[in-house]
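None of the figures in this text is laboratory data; all of them are computed from the coordinates on show. If you're wondering where the values come from, they're calculated on a predicted model, not measured in any experiment. Don't worry about glycine lacking a Cβ; one is built from the backbone with ideal geometry, like all the others, and counts go over all protein chains shown.
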Amino acid sequence: MNRDIFQAIADPTRRAIIALIAIQAMTPNAIAENFHTTRQAVSKHLRILTECELVTQEQKGREIYYSLEIEKMKEIDEWLEQYRKIWETRYSQLDDLLAKIKKEKEEEK
């Protein structure tokens with residue numbers, strides 16, 4: 001079952017896991033050491049991230065290492081881009097309004 005990528009990042013623990021493995025590939029045990037939860041709970045989060053293709057697994061000897069799939073993160077960035085443009089426009093409008101108010105106050109003095 002493929003889950004939606006936004007389901008994966010909706011959970012704060014999964015976002016924290018993403019942040020950890022963005023730096024370097026890690027084993028489930030190494031990841032679990034960073035949380036006050038069970039190894040099984042971390043494994044469930046890793047399974048969801050894997051189903052969403054946000055992380056990949058690589059077998060090295062007896063260990064499985066999880067690493068971030070950067071290309072999949074670009075999907076999130078592309079989706080956010082539309083809102084980033086809206087925010088930038090609104091901030092620009094707010095800056096213009098504040099400058100106008102400041103100018104009017106200075107002219108009143």
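Loop-located trypsin sites (Lys or Arg not before Pro) in the stretch 1-88 (DSSP state not H, G, I, E or B) with no more than 14 neighbouring Cβ atoms inside 10 Å: R62.
Bridgeable aspartates and glutamates around K103 (alpha carbons under 20 Å apart, same-chain partners fewer than 8 residues away excluded): D95. Result for the chain in a Gaussian network model with C-alpha springs under 10 Å: among I86, I76, I31, the largest mean-square fluctuation is at I86.
Panel order for V42, V55, by other beta carbons found within 10 Å of each beta carbon, from fewest to most: V42, V55. Within straight-line reach of K60, meaning a Cα separation under 30 Å, sit the following lysines at least 8 residues removed in sequence or on another chain: K44, K72, K74.
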